[in-house]
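Down below is the structure, laid out as structure tokens.
No lab work stands behind these numbers, since they all come straight from the coordinates. Predicted model only: the values in this text are computed from it and were never measured. Using ideal geometry, Cβ is built from the backbone for each residue, glycine included, and neighbour counts are taken over all protein chains shown.
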Amino acid sequence: MIPNEITIDLGALRHNLSEIKRLAGSQSKILAVVKSDAYGHGMIPVAKTLESAGVDCLGVFELKEGLDLRKSGCEVPILVLMGVVLDEVEAAVEYRLMPALFQLEIGEELSRISAAQGKVTPVHVKVDTGMTRLGVLYENLPEFLEQLLPLEGIEVTGIFSHLAVADQPNQAYTDQQIERFLEAVAACRRITGSCGDAHVANSGALLGSEGLELGMVRPGILLYGSPPAEGWAAAATFKPVMSFKSAVVQVRTVPAGTSVSYGCTYTTQESRTIATIPVGYDDGYNRLLSNNGEMLIHGKRVPIAGRVCMNLTMVDVTGIADVAVGDDVVLLGTQGSEQITAEEIATRIRTISYEVYCSLGKSNRRTYINA
Ligand SMILES: Cc1ncc(COP(=O)(O)O)c(C=O)c1O
């Protein structure tokens with residue numbers, strides 16, 4: 001069997017949740033974002049761990065994820081962040097999901113189906129305060145709520161918005177979005193009497209203490225142990241949840257003038273020892289790490305030699321004693337005193353840790369520890 005394995009440390013996940021609670025304040029509710037297979041960490045085990053650790057609500061992207069959570073026994077409220085489309089309304093009502101709502105037509109269908117079954121479906125109104133992605137434009141919110149108000153069978157149990165630049169500290173744009181959101185919340189209270197849970201704080205806002213006064217926060221990446229961007233000292237207490245390891249499948253010492261991998265982009269200047277690792281871009285290990293990334297072997301950093309292939313990557317292990325077939329290789333995580341973080345990989349390939357977690361986590365066998 002291919003020795004590649006993602007390890008998900010559920011103890012680290014619980015630790016990160018308690019750090020989030022500390023930052024948000026003991027009164028604050030937590031809506032944990034577990035969309036996209038919990039950023040590659042595995043939605044169901046992550047959600048179950050968070051639920052048993054006392055999370056108040058879970059956030060998924062689409063209906064199917066919400067159904068999967070309910071069918072696996074999750075009982076907490078589940079917010080479907082992208083809302084639902086017309087032919088999903090029936091299932092959303094049946095499975096007690098809480099759609100984001102920003103289209104009257106969907107509100108009317110939710111109302112019709114819920115009322116016919118004598119049910120009340122909770123919804124969170126999504127307000128666009130400057131992300132220009134999903135939501136009712138903040139200026140149009142009062143009119144939208146007036147139209148929603150007469151509909152029976154639905155209840156506005158929350159209102160939320162998403163911040164565009166909260167991963168960077170002290171941004172005037174974040175202040176402006178929060179100001180617009182506070183006005184939206186006030187309008188919602190005025191028109192509907194109460195708007196339930198209001199939330200805008202993603203991980204960046206949490207670290208920057210913005211939008212916490214609203215009483216609910218909505219973090220994703222901090223749960224998984226990474227800051228949303230570099231430069232957040234407060235993120236130091238969070239622990240990475242995912243690690244990724246493989247093993248050496250071949251080692252050989254080659255003479256000067258030997259080219260390694262496709263394209264002959266790495267040619268030895270002297271005798272070097274090359275180890276082959278059975279991980280490639282098909283395993284979510286980005287090809288931009290060619291001649292660029294590092295792995296850990298025997299607790300030491302070793303550079304990638306040549307191009308990352310579909311299923312294999314070579315590293316230069318010259319000078320590391322006794323590297324042998326079967327030796328552990330860490331591609332993400334800690335070995336001895338060395339550590340490779342998702343942030344490091346992301347910086348090398350000019351992306352964000354979110355994408356590193358999603359690609360590695362979804363492409364490899366996962367094992368869960370500290371359940
Ligand atoms: C609507 C919404 N809320 C919250 C989050 C969580 O953001 P973060 O992972 O930066 O905390 C996301 C993530 O993309 C999102 O799309």
So for Thr49, Thr313, fewest C-beta neighbours within 10 Å to most, what's the order? Thr49, Thr313
So if I place +1 on the C-beta of Lys and Arg and -1 on the C-beta of Asp and Glu, and nothing else carries charge, what would the dipole magnitude of the range 10-226 be about its Cα centre? I want it in debye, nearest 20. 700 debye
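Given a cut-off of 27 Å, name the pairs among Lys119/Lys362; Lys48/Lys362; Lys29/Lys119 whose C-alpha atoms lie farther apart than that in the structure shown.
Values: Lys119/Lys362 37 Å; Lys48/Lys362 18 Å; Lys29/Lys119 25 Å.
Checking Cα-Cα distances, Lys119/Lys362 exceed 27 Å.
Kirkwood hydrodynamic radius, the range 262-371, all distinct C-alpha pairs: what's the number in Å?
Working: mean 1/r = 0.0689 Å⁻¹.
It is 14.5 Å.
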So how strong a dipole does the range 8-50 carry about its Cα centre when Lys and Arg Cβ are +1 and Asp and Glu Cβ are -1, to the nearest 20 debye? 200 debye
So, with +1 on the Cβ of K and R and -1 on the Cβ of D and E, and no other charges, what is the size of the charge dipole of the chain about its Cα centre, to the nearest 20 debye? 900 debye
DSSP-loop GluC sites (Glu not before Pro) across the range 209-276, with at most 13 other Cβ within 10 angstrom: Glu230, Glu270
So for Tyr285, Tyr138, Tyr39, fewest C-beta neighbours within 10 Å to most, what's the order? Tyr138, Tyr39, Tyr285
Cα-based Rg / Dmax (Å) for the chain: 23.8, 80
Identify unpaired cysteines across the chain, taking unpaired to mean no other cysteine Cβ lies under 4.7 Å from the residue's Cβ. Cys57, Cys74, Cys264, Cys309, Cys358
